């Protein structure tokens with residue numbers, strides 16, 4: 001079976017996020033108030049062949065840790081997207 | 001009320017995604033088989049002050065279209081994250 005998996009790679013809590021901070025600083029000038037704690041990360045969508053949802057998620061996470069992220073400063077989460 | 005919003009910015013369908021294609025090409029050499037249709041994008045997490053979930057999502061999307069994405073080639077989706 002093929003599962004549609006979304007992997008999100010984000011900086012670990014406590015790691016400085018200059019991209020997010022810059023976005024946050026730009027918001028008032030663009031007229032956006034009341035938006036805080038902006039954190040930037042990456043998103044990957046993949047089709048994973050696996051026999052179960054759990055196996056698809058596990059494969060996506062191991063792939064994310066090896067290829068898509070720097071596990072020292074980043075964490076990866078994966079979820080199944082409803083539409084297959 | 002403050003809502004935790006996740007904004008995903010991804011290339012529109014049909015727009016070439018060289019980053020995703022490069023990842024996909026690297027997978028077999030790393031021992032990952034059966035993974036296809038890799039698309040790369042960006043993810044942003046924000047805390048949005050709003051009176052309702054719908055308003056928070058609408059503010060996040062208008063922000064994404066103005067500041068976080070290039071609407072010509074990218075599309076933005078927003079969702080509320082369960083933990084506030």
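Subtracting the Cα-Cα distance from 0.36 nm times the residue separation, let me have the gained length for residue A:30 to residue A:55 in nm, one decimal.
4.6 nm
Over chain A, what relative contact order in percent results from Cα pairs under 8 Å that are six or more residues apart?
Once normalised by length, the contact order is 51 percent.
Using a 7 Å offset from the Cα along the Cα-to-Cβ direction at both residue A:62 and residue B:67, what is the distance between the two label points in nm, to one decimal?
Modelled inter-label distance: 4.0 nm.
Just to confirm the number: angle between the C-alpha axis of helix B:53-63 and the first principal axis of chain B, 0 to 90 degrees, nearest 10?
Approximately 60 degrees, to the nearest ten.
Under 10 Å, Cα contacts only: if you run a Gaussian network model on chain A, which one of A:28, A:71, A:18 comes out with the highest mean-square fluctuation?
A:28
Taking residue B:18 in one copy and the same position in all the others, each labelled 7 Å out along Cα→Cβ, what are the pairwise distances from the first, in nm, shortest first?
Result for residue B:18, in nm, nearest copy first: 2.3.
Given chain B, report the % of alpha carbon pairs whose separation exceeds 22 Å.
Taking all Cα-Cα pairs of chain B, the fraction more than 22 Å apart is 40 percent.
What value, in deg cm²/dmol to 500, does the helix sum -39500 (n - 2.57) over DSSP H runs of n ≥ 4 give at 222 nm once divided by the residues of chain B?
Counting only the DSSP helices, I get -7000 deg cm²/dmol.
Have a look at B:29, B:64, B:50 and tell me which one the Gaussian network model of chain B (Cα, springs below 10 Å) gives the largest fluctuation.
B:29
Would you mind pulling out the separation of the Cα centroids of region B:1-74 and region A:48-81, in Å?
17
Kirkwood Rh and Cα-based Rg: tell me the resulting Rg over Rh for the protein assembly as shown, rounded to two decimals.
On the Cα set of the protein assembly as shown, Rg over Rh gives 0.98.
Computed from the coordinates by the stated procedures, all read-outs in this text should not be read as laboratory data. A quick note: this is a predicted structure, and the numbers were derived from the prediction, not measured. Cβ coordinates were reconstructed from backbone atoms using ideal geometry, including for glycine residues, and neighbour counts include every protein chain displayed.
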